[in-house]
Amino acid sequence: MVLLASARPATRPGRTSSRNGGRSRPLTRPAALGLGIAMGWFSLLVLIPLAAVVVKAAGGGWGTFRDVLTDPGTLAALRFTLGTAVIVTLVNAVMGTLIAWVLVRDRFPGKALLGIVIDIPFAMPTVVAGLVLLALYGNGGPLGVDVSGTRPGVVLAIAFVTLPFVVRAVQPVLTSLERDVEEAAASLGASRTTTVRRIILPALIPAITAGASLSFARAISEYGSVVLISMNARGVGVVSTETYRYIEGGNTAAAAALAVVLLVIALVATVALDVLQRRAARRD
Amino acid sequence: MANIRAGGALALIGALALTGCSGAADASGDSGSIAIVGYSVLEEANQGVEKAFGETAGGTDVSFSESYGASGDQSRSVQAGQKADEVHLSLEPDVTRLVDAGLVDANWKDNATKGVCTDSIVVLVVRKGNPKNVTTWADLTKPGIQIVTPDPSSSGSAKWNLLAAYGSVIANGGDDATAQSYISAFFDNVVALPASGRQATSTFTGGKGDVLLSYENEAILARQSGSDFDYVVPDSSLLIENSCALLKRHSDAAAKWLDFQKGAAGQKLYAATGYRPLPSVTNEVGDVSVVGAMDPATPFPAVATLLTVEKDFGGWDAANKKYFDADEGILTKIQSAAGF
Amino acid sequence: MLRVIVLGYLFLLVIWPTAYLLRATFADGFTSLAATLADPDIVHALTLTVQVAALAVAINLVFGLGISLLLVRYDFAGKRLLSWLIDLPLAASPVVVGLALLLVYSPAYGWFGPALRSAGIEVAFATPGIVMATCFVALPLIIREVVPVLAELGDDQEQAARSLGASGWQTFCRITLPGIRWALAYGIVLSLARALGEFGAVKVVSGHVIGQTATATISVESAYQNNHIDQAYAIAFLLVFAAVLCLIVVAVLHRQDAREKG
């Protein structure tokens, strides 16, 4: 039973939906007015403030960027943050697809509840998530395991907050996948693995990459839950806590520079995944 | 369709503007209100003092609007335009920032208490019963001792802690080199460096570490609210002096509030939450019994060697630069060498 | 086997922590919730959070619908760039969001702040600033839900309606909106959840004056740090409960709708 969202492929906005029979047309006058107003709000809210960050960073010249990127603490945090984001995104790509598979194709009592469970990381404020994860998996937790102040602890927190992205991107695609192609393949003698590899997975790739893109972006910027679990122990600092340190130390230009570096990385990742996904789709 | 959308957008912007007129914190000029921007521990401590102030002549019909948080954050917020009548922050540099921003008079320290409203000392917080027997600064660098202290690059509390640690070596006759190698060994034992004093306390209460460096008043207050740990007053410590100042534009009531805070009545109430009474009124305050202190009957034992930033470190401006400068600070360099 | 792996993963990561939150909140029955709701400052914080969240979701709804329609149905220069930029708020940590907004709207040194203050408009350290910070972090959510559905739907019906003489607004209400309503509903609920739970950026931009500009998540941190742990969990529970309730409502309504359709 489909619980949430009607079936649709997770396409990126901006892609002309020629496959689905829609046409995009040039702007009409009312549409242009709408675009103008929307862009005005978007500028006031996002573009101008982010531009201010860039300007602040640039105010210190290339020197600021160089200092920030060569500072050993910051470099370590950058490497750790990106490494964790990549690991968690890969885990999410796999687990997210598996979870979506179970949600769509499996049957057992209580499955409907699982759909809600997936969305709980969205519903929980990050500071609360940090507190709860710390209580369970930190010092004195019931399992006897203590990941507070360790790298695995940070990975845990980030895995929690990014859980829903891939699942929710893949689920509707999986739901709308037409079974007859799979059945035809099976009747032609294809093994289950081949069917998965040749038919199902390619159809899911665009959704998985879309979800992965969101998961990566969220992973590198997470702050509230990470700050609680990492306790800023040796070698466990992330970029968002480093940025905070620069601000507190009065070096706003350096903080801005670090922020710009991270935003650029996120942008590159988004574009790369978008291009990858489009290339994969073109092969169909 | 676009017309409706345009109308909707404009309506929303209008609504935003309207809420702007009603949402800002009320401050400055309105003689019956006081806007306090304070550092975190004050949130509980100020409750009693505000109530007592309300019962005085200068405090009738006065309303308080308060904001509490990490000292540096709060200072920065006021610098960025948050309205306030009084700032009451953990350490002097956080007020100096506002002087430089033109928000506080340069002569804010020219008074009987030199701009200080509350006092405390640095103590060593340990687990109940002090199982690892930590009683001196030297014990902190023993192998196997895990230290929790906040991060000096973001916490005022941390700077007091580190200067106290550094000063303990000097007080015992050591020279700068010895003190610095002590701090190195100290950092080797640090397991967590949370962003603020409060977070450090929460981290320790959550089970991390054997020793927490903290304010005495923070330790007492935590014990009052049920935290189950002990603290040790070491043989040498640093006098923590929390600065308070009125902003250039402040309400009349705020000036009376400041005087009340520093007076005997106010200091007695602060003592009830663990602060040491200011020297100017200690005699007037007399003996107090403080729940939560290690010995409630003698809540504020004398410290054998009590250092101050003014006398032993050359004042905050010099000390901040010498020890905590982002690039050249002595302690900053030791901290990054230790991997933090 | 697959089911076991998935359930095990979800249990360790989500179900058990959520159960812990429930247990911590209701350890003493309803007393901690009752005590929390009796505190006027906390009630104000909760009310403020709900108001801000509602306003932010409404703004993001108008903006999100508009941008989605523009991105899917029209062609214009810079369309792909816009779609990439839309996702940027997700990659900005709360520290950066707060910094960015203050750099522009700080009444002391921002680009627009001082001018706004002299015009009597308070943005930073007042409710509008909180609303903006909340809008910022939740911005892409509705768009990302609606765009794929809009793309899938195609505009044949819309074209047909228009050729039959329907106005733009009528087409939107009668054709487009029903087609995207579940994606839209879900996007709204996600935005609401995000808005209720926003912490870092709001903390920097609001000045968190107790009883005036302090939101519920700020109260959670404050309660936790003042060692009122049960109060912290009670407020946290209320926030999570509200968001999950909305999720359940949408899910149930959607299921009923799908069932009716046969």
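Since every read-out is calculated from the coordinates, none of them should be taken as a lab result. All values derive from a computational prediction rather than experimental measurement. So basically every Cβ, Gly included, is an ideal-geometry build from the backbone, and we count neighbours across all protein chains shown.
Odds and ends about this structure:
- Distant-in-sequence amide H partners of B:THR118 (H built 1.01 Å from N, under 5 Å): B:ASN242
- Most to least packed among B:148-157, A:249-258, B:323-332 [average Cβ atoms within 10 Å]: B:148-157, A:249-258, B:323-332
- Rounded to 10°, Cα long-axis angle of helix A:126-137 versus longest principal axis of chain A: 80 degrees
- Helix B:315-324 axis versus longest C-alpha principal axis of chain B: approximately 70°, rounded to the nearest ten.
- Scalar couplings 3J(HN,Hα) for the range C:173-182, obtained by applying the Karplus form with A = 6.51, B = -1.76, C = 1.60 to θ = phi - 60°, are 5, 8, 10, 5, 4, x, x, 9, 4, 6 Hz; x denotes Gly and Pro.
- The C-alpha atoms of chain B define a longest principal axis, and helix B:252-262 lies at about 10 degrees to it.
- Of B:LYS159/B:LYS311; A:LYS56/B:LYS321; B:LYS109/B:LYS248; A:LYS56/B:LYS333; B:LYS208/B:LYS268; B:LYS51/B:LYS109, pairs whose Cα-Cα distance is over 22 Å: A:LYS56/B:LYS321; A:LYS56/B:LYS333; B:LYS208/B:LYS268; B:LYS51/B:LYS109
- Residue mean of other protein chain beta carbons inside 10 Å, C:200-206: 4
- Evaluated at q = 0.12, 0.15, 0.21, 0.22 Å⁻¹, a Debye calculation over the C-alpha positions of the range A:128-256 (equal weights, vacuum) places log10 I(q)/I(0) at -0.65, -0.81, -1.10, -1.15.
- Structure-based [θ]222 nm, the protein assembly as shown - -39500 (n - 2.57) summed over DSSP H runs of at least 4, per residue, nearest 500: -19500 deg cm²/dmol
- Shielding of C:56-68 by partner chains, average beta-carbon count, 10 Å: 4
- Under 5 Å, built H, 5+ apart or other chain: amide partners of B:LEU238: B:VAL122, B:LEU307
- In chain A, Cα pairs under 8 Å separated by at least six residues give a relative contact order of 30 percent.
- Amide H contacts of B:LYS109 (H built 1.01 Å from N, under 5 Å, at least 5 apart or other chain): none
- Computed on chain B, with alpha-carbon pairs under 8 angstrom and 6+ residues apart, the relative contact order is 23 percent.
- Whole-number D in µm²/s for the protein assembly as shown (Stokes-Einstein; Kirkwood sum over Cα pairs; 25 °C, 0.890 mPa s): 86 µm²/s
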